[in-house]
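To start, the structure under review is shown below, and the notes come after it.
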Amino acid sequence: MVQKNLFILDFKKFPGAFLITVLLVLLFEGFSFLISENCYIGQTEQMIEQRENLITRIKNEISQVKENNFGVIAFGDSYGNCGIICKAVKKETSLDCFNFSTNGRNSVFNSFSMMRNYLKATSQKPKFMVISFNLYTYLLGKPKLEYSYEFLPGNFDIFVRELGFDHTVKCLIPTLRAQEFFLQIVQDPFLLFQIKNDKRKRYEVLKSKLTADLGFISDLNEIPYSESEDQIERARDYQFSIDPFAYHYLDAMLELAHRNEIKVLYVMPTRPKHIDQLFEESEEAQRYRDFVDSLRKRYSDLIILDFQKLLEEKQLYQDPLHLNKKGSDLLSTLVSQKINELQ
Amino acid sequence: MLFNSFQFAVFFVIVFTLYLLFNHKWQNRMLFVASCLFYGTWDWRFLFLMFTSISVDYFCAIRIGQSDDEKVRKRFLVLSIVVNLSILGFFKYFNFFTDSLQTFIHYLRFPFHVRFLNIILPLGISFYTFEAMSYVIDVYKRKVEPTKHYLDYALFVTYFPHLIAGPIMRAKDLLPQIAFPRTLSLTKFYEGCYLIFWGLFQKIFVADNLAKVVDPVFTSGESYHGAKIVLALYAFAFQIYCDFDGYSNIARGLGKCMGFDIMVNFNLPYLSTNPREFWQRWHISLSSWLRDYLYIPLGGNQRSGLITFRNIIITFLLGGLWHGANWTFVLFGAYHGLLLILYQSLLPLLKKLSVPRAIKIIFFFHFICFGWLIFRAQSASQLLELLKALILNFQFVADAGLKQMASKIIFFTWVVVLVNLLQFKRNDLITVFRLNWATKVIFYLTCFYLILIFGVSGAKEFIYFRF
């Protein structure tokens, strides 16, 4: 029995303010949605891939394609992103390959999500998996997870598990997605003149580029070597430690690979000789070796590859952390040779 | 299931939809099932405990109502009170008393060890026990007729908006609303929505953000910094107020949407000028309960001054202990009891002073804050450390950390302070609801985006759930 008196519309008591507020909120949210989907500020174009996680978003989308049938899949952070050229791997091994590496923000978590999505989407299990993370990546913990908010499709459940339902839903609210954008405009109103509205187009262009290059963007690493004081300082003083969140998902990846009988090649990150010397002098080196040893003990079938001696020339790098085109060609060949040995 | 969670929003939408579709009889049945589900999501095992208490009280009240023999009536009243207090005492205070006993035995150097039990504190036990006790006492005093319908009584205790953290409703106020069909109206519905919105703002934007300012000061192992403690106390004063008032507003709002009138639990407590006024404005349902069922039966202020002071102290000590099984709560009660006694004693002198109300409010606010120091301290030893830092070793260095803390407190409290002042000026707790539409739109938008952008996500428990 409906309580009829609730539905008698008394216009004197009409909640005008409530309705106008709702309308304004909807308008503003709609506007924010359009902004977050279509616009970016030209000056920070370089940051688009970082902040908006376009690459992660695209690769996540590709990881869920039912027709995927790669023999080799690569996961990692910016080291892997700049280091594994799947075209070269395919040429050497005749196995189809795709590089799912992303940038440094929560790349272990992102890698696990994509790997899980990949194995869920297709029945064709890959034979090999290449993992390559820089040392710094292991430091990234759960608090950084919300920066991966673009990475929601297909991963809602683990986001809920890690962040809670409320927070995950919050990540979908347009105003919050466009927050960075609004903040920049508030700080510098002149940036209004640099707004570009071709983000969707960029997304499409980047997607076709990534699909064509099998997950590797060739123009990313054709940069001559340069290093900053800060990078050298970091190599000298950095304290290697592993965040339990990053470790949990690395462990989950290795476990998943083991269950699906995928051979895992764990590529230790390399660096130019002078940076490596600094690294070897630090306590960090021993801690990292201990960590790798612990992985070796835990997963006896894990193949650990250390190409430091073969990749120590400065000419192979674009900076102290990332290989350039020449370096990635060499690393990809070395990884391919190992795959061929194992086939 | 917390009021400030999405799960609860979904739960309430379903409950409210069904509520609109059902007639009075089925509304009550559905609300009872929903309330059990609401409580059961936390721990279904304690539903049995709650129903033991409900069944005993229902039965005792009926027997008290049926009998004219004073002895029989008293016997059932005592039975009900003993059962209720035994349950409360065991689940809430067993380990506290055994721990205190152990300390005492240790102090006397007896080689004897008291056994501790791993007891979980059932959610809302202090609230529903007091509510049930007031019902049986009121029936005994013939203030209320015992209800013959078990479901009505069970819904009176379990009704989900007030089950976990009050307000502690009286049977004379709530039972008739359950027994007779309720009237729904758009005005009530809008008022309810406003109260829910305002309650959520108080909790998510103010209380949960202030918790981040307060907690590090009280939980850090580092030495305490006097100025930081003062700021943390200001922040805690608003945290606990917005947390509990936020909960009470949401409870009232939910009730209003369904046609229930749940009592006001807070009436601008920080605008009080003295302890008596404060307790008439703070946690009104508990202070009026303690007044009616403890202070007045003890004799109230009807006898000599000393007896009155004794009654005040007993009432406040037990009121303090009601909050939790910790000596700090007993001290909190004692502090407020003594404050009230001091005020009563100095009243003739104070009446001669003509001090502006604003000054009195600010002055008394600091006494309230000192009480929060006792309340917030995790142990008596921490309280001592805090007092040392505050009194003997007070340092004021306006460093960046302190400035940041102060600016955070201002940022998270300005809306509440403004609204409270407006409520006080117009003597209307829902004055915002009565502002012109343009001001309301600005207010709603400001609050909404403050919640959205700065609100703490991930539902955080309300402080009074622990009590």
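Under a 5 Å amide H cut-off, with hydrogens placed 1.01 Å from N, A:Y317 pairs with A:N324 among residues at least 5 apart or on other chains. Computed from the C-beta positions of A:K309 and A:F190 and an R0 of 51 Å, the FRET efficiency is 0.50 to the nearest 0.05.
Over chain B, with the other protein chains present, what is the accessible area per residue in square angstrom, probe 1.4 angstrom?
Working: 21260 Å² over 467 residues.
Using a 1.4 Å probe on heavy atoms only, each residue of chain B averages 46 Å².
Over segment A:81-124, the reciprocal of the mean inverse Cα-Cα separation, the Kirkwood hydrodynamic radius, stands at 11.8 Å.
Each peptide in B:278-284, A:187-193, A:76-82, A:157-163 was scored by the mean count of other Cβ atoms within 10 Å over its residues; highest first, the order is A:76-82, B:278-284, A:157-163, A:187-193. Percent of C-alpha pairs per 20 Å bin in chain A, short distances first: 27, 53, 15, 5, 0. Leaving ligands, DNA and RNA out of it, work out the accessible area of A:H167 with a 1.4 Å probe and give it in Å² to the nearest 10. Accessible area of A:H167: about 30 Å². The charge dipole of chain A, taken about the Cα centre with unit charges on the Cβ atoms of Lys, Arg (+1) and Asp, Glu (-1), comes to about 1280 debye, rounded to the nearest 20. The smallest convex shape that holds all Cα atoms of segment B:239-290, its convex hull, gives 72 Å³ per residue.
Under a straight-distance cross-link criterion of Cα-Cα below 28 Å, which lysines are reachable from B:K352, leaving out those fewer than 8 residues away in the same chain? Answer for B:K352, where 28 Å is the Cα cut-off: B:K360, B:K425, listed by chain and number.
Computed over segment A:93-176, the Cα gyration tensor eigenvalues convert (square root of 5λ each) into semi-axes of 26, 17, 10 Å, ordered from largest to smallest. Spacing of the modelled spin labels on B:Q102 and B:S86, each 7 Å from Cα toward Cβ, amounts to 2.5 nm. Panel values: chain B, Kirkwood radius from alpha carbon pairs, Stokes-Einstein at 20 °C and 1.002 mPa s, translational diffusion coefficient 90 µm²/s.
When the Kirkwood radius is taken over all Cα pairs of the protein assembly as shown, what Stokes-Einstein diffusion coefficient follows at 10 °C and 1.306 mPa s, in µm²/s? Each step should come with its number before you reach the end.
On the way: Rh = 31.3 Å.
Calculated translational D: 51 µm²/s.
Could you compute how fast segment A:229-343 diffuses translationally, taking Rh as the Kirkwood radius over C-alpha pairs and applying Stokes-Einstein at 25 °C with viscosity 0.890 mPa s? Give it in µm² per second. Reported coefficient: 157 µm²/s. Cross-link partners for B:K71 among the lysines, with Cα-Cα distance under 20 Å and sequence neighbours closer than 8 places in the same chain left out: B:K141, B:K143. Long hydrophobic helices in chain B: the complete DSSP H runs spanning 20 Å or more by Cα along their own axis with mean Kyte-Doolittle hydropathy of at least 1.6 are B:6-21, B:437-454. Taken residue by residue and averaged, Cβ atoms of other chains lying within 10 Å of the Cβ of A:15-25 number 6. Kirkwood-based Rg over Rh for segment B:256-347 (C-alpha set), two decimals? Computed over Cα atoms, the ratio is 1.02.
One equal scatterer on each Cα of segment B:82-162, no solvent, Debye formula: the resulting log10 I(q)/I(0) at q = 0.26 Å⁻¹ is -1.23. Around the amide H of B:I168, modelled in the peptide plane, lie the amide H atoms of B:S285, B:L286, all under 5 Å away and 5 or more residues distant in sequence or on another chain. Note on segment A:156-200: Cα-only Rg and Dmax are 14.6, 41 Å.
Taking the square roots of five times each eigenvalue of the Cα gyration tensor of segment B:158-264, the equivalent ellipsoid has semi-axes of 36, 14, 9 Å, listed largest first. Ranking A:S78, A:L210, A:S228 by how far each Cα lies toward the positive end of the dipole of chain A (charges on Cβ) leaves A:L210 at the top.
Based on alpha-carbon atoms, the Kirkwood radius and the radius of gyration of segment B:335-467 give Rg/Rh equal to 1.02.
Angle of helix A:244-259 to the longest C-alpha principal axis of chain A, folded into 0 to 90 degrees and rounded to 10: 70°. Restricting attention to the protein assembly as shown, close to 15% of DSSP beta bridges with both partner residues there are antiparallel. Within segment A:239-343, the GluC sites (Glu not before Pro) that combine a DSSP coil assignment with at most 16 other C-beta atoms in a 10 angstrom radius are A:E261, A:E313. Just to be sure I understand the model, the point goes 7 Å from the Cα along the line to the Cβ. What's the resulting B:K212 to A:L26 distance in nm? Roughly 3.2 nm, to one decimal.
Tell me the Kirkwood hydrodynamic radius of segment B:348-405 in angstroms, computed as one over the mean inverse distance between distinct C-alpha pairs. Could you put the intermediate results ahead of the total?
On the way: mean 1/r = 0.0705 Å⁻¹.
So the Kirkwood estimate lands at 14.2 Å.
Against chain A, whose longest principal axis comes from its Cα atoms, helix A:325-342 is set at around 70 degrees.
Taken along the Cα-to-beta-carbon direction at a fixed 7 Å, the label points for B:V33 and B:D261 span 3.0 nm.
Take the Cα radius of gyration of segment B:280-329 and divide it by 2.2 N^0.38 Å, N being the number of residues; the result is 1.16.
For the chain pair B and A, buried accessible area totals roughly 2600 Å², probe 1.4 Å, rounded to the nearest 100.
How large, in Å, is segment B:387-429 by the Kirkwood hydrodynamic radius built from its alpha-carbon pairs? Before the final figure, lay out each step's value.
Details: mean 1/r = 0.0773 Å⁻¹.
This gives a value of 12.9 Å.
The long axis of helix A:283-298 is offset from the longest Cα principal axis of chain A by roughly 90 degrees. Peptides B:94-100, A:271-277, ordered by how many other C-beta atoms sit within 10 Å of their residues on average, highest first, read A:271-277, B:94-100. With 22 Å as the limit on Cα-Cα distance, the pairs of A:K91/A:K326; A:K59/A:K209; A:K66/A:K142 that go past it are A:K66/A:K142.
Among the trypsin sites (Lys or Arg not before Pro) in segment B:29-118, those located in a DSSP loop and surrounded by at most 11 other Cβ atoms within 10 Å of their own Cβ are B:R109, B:R115.
The values are calculated or read from the model by the stated rules, or taken from the named source; none is laboratory data. Model, not experiment: these values are computed from the prediction. Cβ: placed from backbone, ideal geometry, glycine included. Neighbour counts: every protein chain shown. When the accessible area is computed, the model is the full protein with side chains, heavy atoms only, and any ligands, DNA or RNA have been set aside. Shrake-Rupley method; radii C 1.70, N 1.55, O 1.52, S 1.80 Å.
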